[in-house]
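Derivation of every value follows stated rules applied to the coordinates shown; laboratory data play no part. Predicted model only: the values in this text are computed from it and were never measured. Neighbour counts are summed over all protein chains in view; Cβ atoms, including those assigned to glycine, are modelled from backbone coordinates with ideal geometry.
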Amino acid sequence: MRVLVTGGAGFIGSAVCRRLVLEHGATVINVDKLTYAANLNSLAPIAGERTYVFEQIDICQREALNAILAKYRPDGIIHLAAESHVDRSITGSAAFVETNIVGTYNLLEAGREYFDRLTAQQRDHFRFVHVSTDEVYGSLGSEGLFCEETPYRPSSPYSASKAASDHLAHAWFKTYGFPVIVSNCSNNYGPYQFPEKLIPLTILNAMEGVPLPVYGRGSNVRDWLYVDDHAEGLIRLISHGRPGEKYNFGGDSERTNLEVVEQICDVLDEIVPGMTSRRSLIRFVQDRPGHDFRYAVDASKARRELGWRPGKSFEDGIAQTVRWYLESRAWWEAPRAKVYGGARLGLPALQH
């Protein structure tokens, strides 16, 4: 199997690339623009493999995409390239519209043109997996779960851009018969995550003994999914998913943001004891504008049709993730010093 992965130098993308090569024996073509959150060091475990190749390409460059598809002739595409941080979308939405909407359109069109030139047998096996987020569904109350039929109600520029790209992907299946599968996942965590997201930011701040910011009162709820479990689900989609369908992936691990931060503090206190509990570093800060209250995902369709289920408990996953950051200073030190040092993001500038 030869798979083109867009955004393969990112957090989820690199997990997919590593798993495809090391666990599934696939050939991987990693296409990535190398934005601020990308890190080729995340591909170090497979960088020397003959079944892995990297191409620095912006998915908004249509001709470059055409050339890559013609050169490598993949059996499928897993599309992960995206701007993904909600806070950054609040203060700089243009990049989200450009990459997530325009870039996805370019990739769909390049993929469709390539697909139309395949043999009938090749077309039968080809899949385009468009990877999205549960944030497109909006906010849940205290009960219920998002399912594949939940109406879209995005709240942030990020989730709105992903909702738009989901609709484009589905339209390319309905209008052109292009074999698109859309996946929507809950919050991912694990090793190799850029330190602007809640879990790695909290780990690094707690390691350094600096304040741990928590939005509002920390009562917002997310369902957490270990990144390698999600990567396995996406790989099963490329081989067993049904074109035109949507699949949700969730971790069955709902936690409030405050509970997540407290658990990280407790794990660090156990591994690297200090004078006082790191919970004392928690500081409640102004909430994010439009902050959805709760996300939770019904992944029963993926379990039923793909035989997939999350394999890592949240407790084990957090402990493993904390240990990885403790042991992987060489990976995060440069991005932490040169790209993002932990300052607050996501507060809109005042209009004058």
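Rounded to the nearest 0.05, what FRET efficiency is calculated for residue 279 and residue 35 with R0 set to 25 Å and r the Cβ-Cβ distance?
Working from the Cβ atoms, E equals 0.15.
Sorted by average packing, counted as other Cβ atoms within 10 angstrom per residue and highest first, what order do 257-270, 11-24 take?
Ranked by mean Cβ neighbours within 10 Å, highest first: 11-24, 257-270.
Can you check what the Kirkwood hydrodynamic radius comes to for the chain, Cα pairs only, in Å to one decimal?
This gives a value of 20.6 Å.
Which whole number of Å³ per residue matches the convex hull of the alpha-carbon atoms in region 45-121?
Value for region 45-121: 122 Å³ per residue.
Note the full-extension length gain between residue 143 and residue 23 as 0.36 nm times their separation in residues minus their Cα-Cα distance, in nm to one decimal.
39.5 nm
Estimate the FRET efficiency between residue 272 and residue 51 by the formula 1/(1 + (r/R0)^6), using the beta-carbon distance for r and 45 Å for R0, to the nearest 0.05.
According to the calculation, E is roughly 0.75.
Just to be sure I understand: of the beta bridges DSSP finds with both ends in region 175-284, what percent are antiparallel, rounded to 5?
Given both bridge residues lie in region 175-284, the antiparallel proportion sits at roughly 25 percent.
Enter the per residue convex hull volume of region 48-201, computed from alpha-carbon coordinates, in Å³ rounded to the nearest integer.
147
How long is the gain from residue 66 to residue 207 if the chain were fully straight, where each residue apart is worth 0.36 nm and the alpha carbon distance is subtracted?
Gain on stretching residue 66 to residue 207: 46.2 nm.
What's the extension gain from residue 309 to residue 119 if we count 0.36 nm per residue and subtract their Cα-Cα distance?
Net length gain for the segment: 65.0 nm.
Report the residue, chosen from 117, 283, 62, that carries the largest GNM mean-square fluctuation when the chain is represented by alpha-carbon nodes joined by springs under 10 Å.
Looking only at 117, 283, 62, the largest GNM fluctuation is found for 117.
Under the rule of -39500 (n - 2.57) per DSSP H run of 4 or more residues, summed and divided by the residues of the chain, what mean residue ellipticity at 222 nm is obtained, to the nearest 500 deg cm²/dmol?
So the calculated ellipticity at 222 nm is -12500 deg cm²/dmol.
At a 10 Å Cβ-Cβ cut-off, how would you order 203, 318, fewest neighbours first?
By the 10 Å Cβ count, ascending: 318, 203.
Arrange 292, 134 by Cβ neighbour counts within 10 Å, fewest through most, would you?
292, 134
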